[in-house]
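Below is one structure; the comments refer to it alone.
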Amino acid sequence: MSQLLADHCAAAGGTLTSIDPAPKAEFVAWADGCDHVTHVAATSLSAMPALADIDAWMIDGDHNYYTVFNELKLADEASRRDGKPLLAVLHDTDWPCARRDMYYAPETIPAEHRHPHSYDAGVTLGNDGCLLNRGMRGMGAFAWALRAGGPRNGVLTAIEDFIEQTQSEDRMLLYAHIPAVFGLGVLFDANAAWAEEVAGIVLPYHENALIASLETNRLRNYLAVIEWQDRAAQGKVA
């Protein structure tokens, strides 16, 4: 995805700034070789205040309420400061992160914003709880909040709260939700010069029932494969 974004930026005469505190060595080598790509080795919340003149923000990092809500706040503050309308594209706006926090580094989330969580518990469709050593799980790479739903929990909840707290009589934010591949959200200022064009692009996919049905089927198959792998590892299938 970074390569696709970099190619787009190069074609448009722009630049790509990537924020990642622990990137793969291959990515660092690639970024170092691109004149139009800058890598910032820091967390998003620490790096974003120093950025300027950003036309669009791609938010796809630590998928939890605290991080996403504050990423949106920082993006909005920077956009206002620089006189630019807000345009943010967010991933993981659907199941399983829409209403459930996921933590790559839970120790970096303030305790009052961190839900009880587990690296060993997994998530399954239709279950707001967690299942030990079953379902989609981090295998040590990330942790799930033990419960889905409720206040300040999940990526979509963060987006909704940000919109509610940011909109006013003088400002309207538009949000398009594309229910594919864990969910894609596009948030933008309604008064931007390009707002009508962006709306025309995303509107056909907004809350699209066919796409949502395909995504549910994909997730069921994905979870079935995980279950087969688990059963095979336990010697229950050939």
query = How much of the DSSP beta bridge set in the chain is antiparallel, as a percent to the nearest 5?
reply = 75
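Quick check: from the Cα gyration tensor, does segment 156-195 come out rounded (a/c under 1.5), prolate or oblate?
oblate
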request  = Taking every Cα atom in segment 30-85, find the radius of gyration and the maximum pairwise distance Dmax, and write them in Å.
outcome  = 12.2, 34
query = So between Trp30 and Glu164, what do we pick up on full extension, going 0.36 nm a residue minus the alpha carbon distance?
reply = 44.3 nm
task = Enter the mean projected area of the convex hull around the alpha-carbon atoms of segment 134-228, in nm², rounded to one decimal.
result = 8.2
Segment 1-108: C-alpha pair distances exceeding 17 Å, % = 57
key: ³J(HN,Hα), Karplus 6.51/-1.76/1.60, whole Hz, each residue of segment 50-62, x for Gly, Pro   = 8, 7, 9, 6, 8, 8, 8, 10, 10, 9, 7, x, 7
task = Only residues of segment 162-204 count here: report those whose backbone N is under 17 Å from the spot 7 Å along Cα→Cβ of Ser213, or say none.
result = 179-181
request  = Pairs of Cα atoms under 8 Å, at least six residues apart: use those to get the relative contact order of the chain, whole percent.
outcome  = 16
ask   = Which log10 I(q)/I(0) values, to two decimals, does the chain give at q = 0.14 Å⁻¹ under the Debye formula with one point per Cα?
value = -1.03
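Values quoted throughout were computed directly from the atomic coordinates according to the rules given, and no laboratory measurement underlies them. All of these numbers come straight from a predicted model, not from anything done at the bench. So basically every Cβ, Gly included, is an ideal-geometry build from the backbone, and we count neighbours across all protein chains shown.
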